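*Asks:* Below is the structure I would like to discuss, written out as structure tokens.
The values are calculated or read from the model by the stated rules, or taken from the named source; none is laboratory data. Model, not experiment: these values are computed from the prediction. Backbone-built Cβ (ideal geometry, glycine too); neighbour counts: all protein chains shown.
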Amino acid sequence: MRKFLVILDDSRECLNAMRFAAMRAARTGGGVQILSVIPPEEFNHWIGVGDIMREEARERINAHFQVFAKWMRDRQNVDPELVIREGEPLPEILAQVGEDTEVGVLVLGAGTGKGGPGPLITQLVRLSGTLRVPITLVPGGLSKDALEAVT
């Protein structure tokens with residue numbers, strides 16, 4: 001089954017990327033894989049404190065995932081899977097795409113602020129010619145109706 005890989009982070013545009021991935025998966029018979037990357041700098045403390053912070057980050061990610069997963073199951077009849085990786089975001093995303101051959105599309109939410117679409121998109125676009133999957137950029141300001149129309 002072809003999976004839409006979408007990145008779960010704290011950005012506003014993440015919501016539109018999640019919606020887009022779920023709607024496309026529902027309409028094409030695909031699946032959704034949600035990837036969250038925990039950066040290593042969150043744990044540069046003493047070992048015990050780092051372990052507690054790592055567990056808290058995983059709990060926060062799981063709580064966010066449950067909200068998105070419920071919406072996807074209830075509204076789109078799609079049961080997403082969660083993958084949590086630790087490391088720098090770009091290498092971990094590339095590793096996930098490389099390791100899971102069912103990933104067919106990488107879906108990213110593009111920021112709408114003055115800073116452009118976001119550093120991750122900027123980095124991935126530079127590498128897009130070498131990726132084995134296409135990248136779909138979903139504008140963060142796209143309305144629900146517009147999302148429905150394009151999916």
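*Asks:* Against the conditions (1) under 24 Å from residue 76 (Cβ atoms); (2) touching a strand residue (DSSP E or B) at 6+ places or on another chain (Cβ under 6 Å), where does residue 141 fall short? Just the number, please.
*Replies:* Result: residue 141 passes all but (2).
*Asks:* State all residues of region 98-119 that are touching a Ser or Thr at 6+ places or on another chain (Cβ under 9 Å) and surrounded by 13 or more Cβ atoms within 10 Å (Cβ to Cβ); if no residue qualifies, say none.
*Replies:* 105, 106, 107, 108, 109, 111, 118
*Asks:* When you check residue 73 against the structure, is it over 30 Å from residue 114 (Cβ atoms), of a type in the set (D, E, K, R), more than 15 Å from the chain's Cα centre (by Cα) and at pLDDT 95 or above, yes or no?
*Replies:* Judged against the criteria, residue 73 is a match.
*Asks:* Which one of these is surrounded by fewer than 17 Cβ atoms within 10 Å (Cβ to Cβ) and either farther than 30 Å from residue 126 by Cβ or at pLDDT below 95 (or both): 57, 95, 63?
*Replies:* Criteria check complete, one pass: 63.
*Asks:* Turning to a different aspect of this structure: If residue 79 meets every condition in (1) in a helix (DSSP H, G or I); (2) exposed (fewer than 13 other Cβ atoms within 10 Å of the Cβ); (3) modelled with pLDDT of 95 or more apart from one, which number is that one?
*Replies:* Result: residue 79 fails condition (1) only.
*Asks:* Let me ask you something else. Pairs please, first residue from region 48-71 and free of Cβ contacts under 8 Å to residues at least 60 places away in the same chain, second anywhere and of a type in the set (Val, Ile, Thr) and surrounded by 14 or more Cβ atoms within 10 Å (Cβ to Cβ), Cβ atoms under 8 Å, 6+ apart in sequence or on different chains.
*Replies:* 54/38; 57/38; 58/38; 58/84; 61/38; 61/84; 65/34; 69/34
*Asks:* In region 9-44, what residues are part of a loop (DSSP other than H, G, I, E, B) and at pLDDT below 95?
*Replies:* 9, 10, 11, 12, 13, 39, 44
*Asks:* Would you be able to say whether some residue in region 112-119 is in contact with a helix residue (DSSP H, G or I) (Cβ under 7 Å, 6 or more places away or on another chain) and not in a loop (DSSP other than H, G, I, E, B)?
*Replies:* Checked against the condition, which is being in contact with a helix residue (DSSP H, G or I) (Cβ under 7 Å, 6 or more places away or on another chain) and not in a loop (DSSP other than H, G, I, E, B), region 112-119 yields no hits at all.
*Asks:* Against the condition assigned to a helix (DSSP H, G or I), surrounded by fewer than 17 Cβ atoms within 10 Å (Cβ to Cβ) and in contact with a Lys or Arg (Cβ under 9 Å, 6 or more places away or on another chain), how does residue 50 come out, does it pass?
*Replies:* Here the answer is no, as residue 50 does not meet what is asked.
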